[in-house]
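Contents: one structure, followed by commentary.
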Amino acid sequence: MVTTRFAPSPTGYLHIGNLRTALFNFLIARQAGGEFILRIDDTDPERSKLEYVDGIKRDLDWLGLDWDRVEHQSARLERYAEVADQLRGKGLFYECFETPVELDLKRKKQLNMGKPPVYDRSALALSDVERQALSSESSGHWRFLLARSRIEWTDGILGNLSIDAASVSDPVLIRGDGQVLYTLASICDDIDMGVTHVVRGSDHVTNTATQIQMICAIGGTLPSFSHHSLLTGPKGEGLSKRLGSLALRDMRDAGIQPMALLSHLARLGSSDPVELRGSMEEIIAGFDLNKFGSAPTKFDDSDLIPITAKYLQGLDYVDVSQDVAAIGVPVDIAEDFWNVTRTNISTLKDLGGWWELIKNGATPEIDFEDKEFIAQAILMLPEVPFDTTTWGTWTAEVKLATGRKGKGLFMPLRRALTGMSHGPDMGALLPLLQKIPRKF
Ligand code: GLU
C-alpha cells in the first residue's frame, strides 16, 4: 500500500511552503487509495507547542487535507532509544564531546583552508581513558558513522542523484541533553510506519543521503524519495524570511478559498497549466508528480485573488447561503443578492461592502455638470416595488426627457446611486436597494 506522511514540526503555523509538501503527499496517497499520515515532529520539547499542533490540524482541516492517522514523535522516544542501541551495537554510533563553540571553530578553520566543513571525526580517535574523562564531565552528543561511499538514488523529481558521503558530516542523532533529533526519529518512523513515498523540499536532499545509509544500516526498506523545489517570491527572491507572513491561517482570514489555493499549488511549478479545479477529486485526478521540475518555483500570493474570485463566481447560492446570512442579508433577497454580487467580488469578504451599499445606500458621486440631470432623473424614478425591468423603463424615459444616451446617460445614474463607476448590472441591483433616494 502506498503510504505517505506530512511531518511538520509544531514550532510555528503552517505556511505556503509547508502546504506544498502536505498537498503533494496527500495527493499521492489519495490517488493510490493509500494512507496519508500526519506526523507531528515534536521531539524538541522547548519549541514544540500544542497551540501549533492545533493550528496545523485546523489548517489542514480547512483545506480538506484529511489524514488517516496522526502520530506524535514525542510518544515514540523509547523506540528511538532502541534503534540508537541497535546502531551502537553495530559500531555505527559514536559519542562526541566537542562544544558548539569548538565545532564552530573547526568549521571556520576548514573553510579558511578551502576545505569543506565536514566533521573530522576526532571523537573516534579518543582513547578509552580520554572518553571516560570527558563523559564524567558531561554527556556527549551522538553521531551516526557514515560509510564514506557515494550514495545514489533516483529521485522522483530530481532524477538520478549521487552524493559523496565524504562531503557530509556524520549526522548528530542525539544531542548532549539527550534530545533525539529529527534524522533518527524520522527514519525510525518511516520504517515502522511503512512509509513508501517521501516527498519533501529540496532542502532535505543531503538529509536523504544520510538517511538512506541509516535505513540500510538498520535493515529497513527504502522508500522512494522525491524533493520538490522550494518556493521563491515573484522575482525569484528567497521566501524563507517572508514565510511567516504567508501563513495559511492568514490566507484563510483574508478570504482565500481552499479550492483556489489547492488548485494553484497542485500545479504551480509543473508543466501542466495552473487552472481552477471544481473539486478535490479533480485535483487528485489531475496531479502528476513527474511533471514537476527542479527549478525554484515562483509564488505570488496575489495570484490567489483572481483564482478565488473565479471560484466564487461559479458557486450557487446554496454554497454560500450561510456566508450571505452571516452578514445580515434577509433571506427573501439573499439569493438575488448573491446572484447580483458574485461577479463583483474577489473574496467573500467583499460581500459586506455590497450589503452595506444595498442596505444603506452610497455616498453619491455626481459631477457638477450632471447635477441637474440627476435631479431631474431621480424625480422620474417610479414608486417601489421595483423589478428587473425598472432600470430599463426608467432610463428609457430619462433618455426621452433629457436627450442623453449611452454612457452619458447610464454612468452618471450608476455613480449617483452606487457611488462607483463599476459594479453589478444595474437592472438587477436596483430592485435590491433598500433605500431609494428621492432627491439629490
Ligand atoms: N519535520 C521535518 C520538517 O518539517 C520533516 C521533514 C521530512 O519530511 O522528513 O522539515
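The values are calculated or read from the model by the stated rules, or taken from the named source; none is laboratory data. In this text the structure is predicted, and so the values were computed from the model without any measurement. Because the Cβ atoms are built from the backbone with ideal geometry, glycine has one as well, and the counts that use them run over all protein chains shown.
For the reader, a short list of remarks on this structure follows.
- Flag for Ala133 being part of a helix (DSSP H, G or I), aliphatic (A, V, I, L, M) and closer than 30 Å to Ile37 by Cα: no
- Residue in the range 160-174 that is under 28 Å from Leu230 (Cα atoms), in contact with a Lys or Arg (Cβ under 8 Å, 6 or more places away or on another chain), within 15 Å of the ligand (Cβ to nearest atom) and part of a helix (DSSP H, G or I) present: no
- Across the range 35-51, the qualifying residues are those that are more than 12 Å from the ligand (Cβ to nearest atom) and buried (at least 17 other Cβ atoms within 10 Å of the Cβ), and the one among them that is nearest to Ser245 (Cα to Cα) is Phe36.
- Scanning the range 317-349 for residues that are closer than 28 Å to Ser302 by Cα and in contact (Cβ under 8 Å) with a residue 40 or more places away in the chain returns Phe337, Asn339, Val340, Thr341, Thr343, Asn344, Ser346, Thr347, Leu348, Lys349.
- Residues located in the range 1-16, provided they are within 11 Å of the ligand (Cβ to nearest atom) and in a loop (DSSP other than H, G, I, E, B): Ala7, Pro8, Ser9, Pro10, Thr11, Gly12, Leu14
- Any hit, the range 275-283, residues being over 17 Å from the mean Cα position of the chain (by Cα), modelled with pLDDT of 95 or more and assigned to a helix (DSSP H, G or I): yes
- Pairs where the first residue, in the range 239-265, is more than 15 Å from Arg20 (Cβ to Cβ) and the second is among the basic types (Lys, Arg) and crowded, with 18+ Cβ neighbours inside 10 Å, C-beta under 9 Å, 6+ apart: Met259/Arg277
- Residue that is farthest from the chain's Cα centre (by Cα), among those in the range 360-375 that are under 13 Å from Thr402 (Cβ atoms), among the charged types (D, E, K, R) and surrounded by fewer than 17 Cβ atoms within 10 Å (Cβ to Cβ): Glu372
- In the range 310-329 there is at least one residue matching the filter, namely being under 19 Å from the mean Cα position of the chain (by Cα) and under 29 Å from Gly33 (Cα atoms).
- In the range 183-214, the residues that are among the small types (Gly, Ala, Ser), more than 9 Å from the ligand (Cβ to nearest atom) and not in a helix (DSSP H, G or I): Gly194
- Those residues of the range 108-118 which are farther than 21 Å from Ile212 by Cα and either part of a loop (DSSP other than H, G, I, E, B) or in contact with a Ser or Thr (Cβ under 9 Å, 6 or more places away or on another chain) (or both), in sequence order: Met113, Gly114, Lys115, Pro116, Pro117
- In the range 420-440, of all residues being farther than 19 Å from Pro385 by Cβ and over 37 Å from the mean Cα position of the chain (by Cα), the one that is surrounded by the fewest Cβ atoms within 10 Å (Cβ to Cβ) corresponds to Lys439.
- Close pairs from the range 41-53: first in a loop (DSSP other than H, G, I, E, B), partner within 12 Å of the ligand (Cβ to nearest atom) and acidic (Asp, Glu), Cβ under 7 Å, at least 6 apart: Ser48/Asp42
- For Arg242, the stated conditions hold: it is more than 16 Å from the ligand (Cβ to nearest atom), modelled with pLDDT under 95 and either within 20 Å of Ala165 (Cα to Cα) or crowded, with 16+ Cβ neighbours inside 10 Å (or both).
- The combined condition, being at pLDDT 95 or above, under 24 Å from Asp44 (Cα atoms) and either in contact with an Asp or Glu (Cβ under 7 Å, 6 or more places away or on another chain) or of a type in the set (Lys, Arg) (or both), is fulfilled by Asp189.
- Some residue of the range 400-418 being among the hydrophobic types (A, V, I, L, M, F, W, C), surrounded by 19 or more Cβ atoms within 10 Å (Cβ to Cβ) and under 30 Å from Gly255 (Cα atoms): yes
- Among the candidates Arg47, Arg20, the residue that is among the basic types (Lys, Arg), modelled with pLDDT of 95 or more and more than 15 Å from the chain's Cα centre (by Cα) is uniquely Arg47.
- Filter result (part of a loop (DSSP other than H, G, I, E, B) and away from the ligand (no atom under 12 Å from the Cβ)) within the range 215-229: Ile218, Gly219, Gly220, Thr221, Leu222, Ser229
- A Cβ distance below 6 Å, combined with a sequence gap of six or more or placement on separate chains, defines the contacts here; from the range 13-35, residues that are in contact (Cβ under 8 Å) with a residue 60 or more places away in the chain reach residues that are within 13 Å of the ligand (Cβ to nearest atom) and part of a helix (DSSP H, G or I) in the pairs Leu14/Ile56; His15/Leu243; Gly17/Leu243.
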